[in-house]
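The values are calculated or read from the model by the stated rules, or taken from the named source; none is laboratory data. None of these values were measured; they are calculated from a predicted model. Cβ placement follows ideal geometry from the backbone for every residue including glycine, while neighbour counts extend to all protein chains displayed. For accessibility, only protein heavy atoms count, side chains too; no ligands or nucleic acids. Shrake-Rupley method; radii C 1.70, N 1.55, O 1.52, S 1.80 Å.
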Amino acid sequence: MKNESIKITNEQEVLDLELRALRIINPINDTLHPVFIDGCCGIGHRLANVLPTLVYANRNRRIGKVFWPDVPWGSLFNDTDYVQANPHDPTGQNWKIAKKLGVSFKNTYPTDWHGIHYRKHTQTHTILDQYRGIEYFLDNEHMFAILLSMRESLSPLVLSYLTPIREELKRKGKSVIDDDAHHVSVCAHVREGNGEKGDWERKNRTMTDKEVILFGTLTKMKEFVESQNATSVSIYIASDNVEIRTWFRNHSPQPHEVGNEIHWNVIQPKKVMAKPQSGVWFGEHGSGTNSVLNQTMKNEAMAEATAEIFALGECDALFLPTYSSFSYAAIVLTAGRKKRVYFKNRRTDKAYEMEEINSLLPKYRNQIQHDQDDEYDEYSDDYYDDEDVDDEYQGEYDEDYDNQ
């Protein structure tokens, strides 16, 4: 039986949504001291702190200045009117002024960044529940706007990874000029763990039942593609394990299969960075995994990860079978474009299933709650926790960068 048609926005509708969102960004008051931001660890954790802080800065008409000691912000993003790379300040004077004014944020974000009162979080029993505070990301118009601005300011280094992926996402049929094809693009982020130790291992986040989870994800992808009456589909897979992309290539419908009239293209990025034998290049604070990389290679590794995040946010549907702070920005970009975002069900009897965000949150988004749910604390230790600074490192981190 054919799947019920699911309406998604077309290119013109997406363009209109994005142009409308960008108008929300406030002009900067140059007389106000900048908001100073630094951070560490993986790109997901960094952006999970930077994005709310940039929203806070723009709501208050201040420019954001970002300093990352290991990989310069400027290697990933060009300066804009709203956010710029903050050069190293040996005296620390600017940071001291910002700290006195309450506008310096070291590996954290302002608690009042969104301007929305506390709300109750309704348990969905899906992976969505692990994205603490995601309602604040989705309900805040500034968040989508800031991300769009950042997307337009991606550096040439990031674009060297992203542009070929973008071209493949738009490929119709067997060629880019096959205009007769009804084409859709789907993306998935699968965080397996890749033998990572430290905080990841202590919190037992390694993916189990991998085959069940991957087959469930692919099954939902097929349902979505069929609902669009598509004749061709591009699949982009981001993962810390290179074998995940190979799995999708081997198990997606093949041209010779009986009854398959859809051309499936699992994208193989043209430019890739070698992954470490275990873990990720940028994990928890104190990890020495990237110590074998010189500065150029560190910039390359972080640029690839940044490109992956923005690629995940440019598909017609985003599938998240596992939790990772890496996906926050992609969720906002996909949902902001009125596309589809699917999360794996966490109930043991429905582990094979995935549910779409609009079926999970429609009754709760934009409904402000003035009492905080006892079972949900937006600022709990688990917020953005898969790549967070471990508690034992936080004091060490503050000491390391106290002079910045």
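With r defined as the distance between the Cβ atoms of Glu152 and Lys271 and R0 fixed at 22 Å, what FRET efficiency is calculated, to the nearest 0.05? The computed FRET efficiency comes out at 0.60. Length gained on full extension, Lys338 to Leu19, computed as 0.36 nm times the residue gap minus the Cα-Cα distance: 113.5 nm. Taking a ≥ b ≥ c as the square roots of the eigenvalues of the Cα gyration tensor, the range 90-172 is oblate, since a/c reaches 1.5 or more and a/b is not larger than b/c. Between the beta carbons of Leu101 and Asn78, assuming R0 = 45 Å, the FRET efficiency works out to 0.95 to the nearest 0.05. Taking amide H as placed 1.01 Å from N in the peptide plane, Val341 has its amide H under 5 Å from the amide H of Leu318, Ile357, Asn358, each at least 5 places away in sequence or on another chain. Among the listed pairs Lys106/Lys275; Lys170/Lys339; Lys220/Lys271, those whose Cα-Cα separation exceeds 19 Å are Lys106/Lys275; Lys220/Lys271.
How much accessible surface does Phe77 have with a 1.4 Å probe, in Å² rounded to 10? Its accessible surface works out to 0 Å², give or take rounding.
Summing charges over neighbours of Glu243, with a neighbour being any other residue whose Cβ is under 14 Å away from its Cβ, gives +2 when K and R count +1 and D and E count -1. Shape call for the range 1-101 from the C-alpha gyration tensor, a ≥ b ≥ c root eigenvalues: rounded (a/c under 1.5), prolate (a/b greater than b/c) or oblate? Here the range 1-101 falls in the prolate category.
Backbone phi angles across the range 332-342, fed through the Karplus curve with coefficients 6.51, -1.76 and 1.60 (θ = phi - 60°), yield HN-Hα couplings of 5, 5, 5, 5, x, 8, 6, 9, 9, 10, 10 Hz in residue order; Gly and Pro are listed as x. For Thr126, the amide hydrogen comes within under 5 Å of the amide hydrogens of Arg346, counting only partners 5 or more places away or on other chains and with H modelled in the peptide plane.
Averaged over its residues, the range 4-107 has an accessible area of 47 Å² per residue, based on protein heavy atoms and a 1.4 Å probe.
Oblate is the label for the range 18-58, because the ratio a/c of its alpha-carbon gyration tensor axes (a ≥ b ≥ c) is 1.5 or higher and a/b is not greater than b/c. Taking packing as the residue-averaged number of other Cβ atoms within 10 angstrom, the listed peptides 6-17, 123-134, 241-252, 55-66 run from highest to lowest as 55-66, 123-134, 241-252, 6-17. For the set Asp79, Asp30, solvent exposure ranked by accessible area (probe 1.4 Å, protein chains only) runs largest to smallest as Asp30, Asp79.
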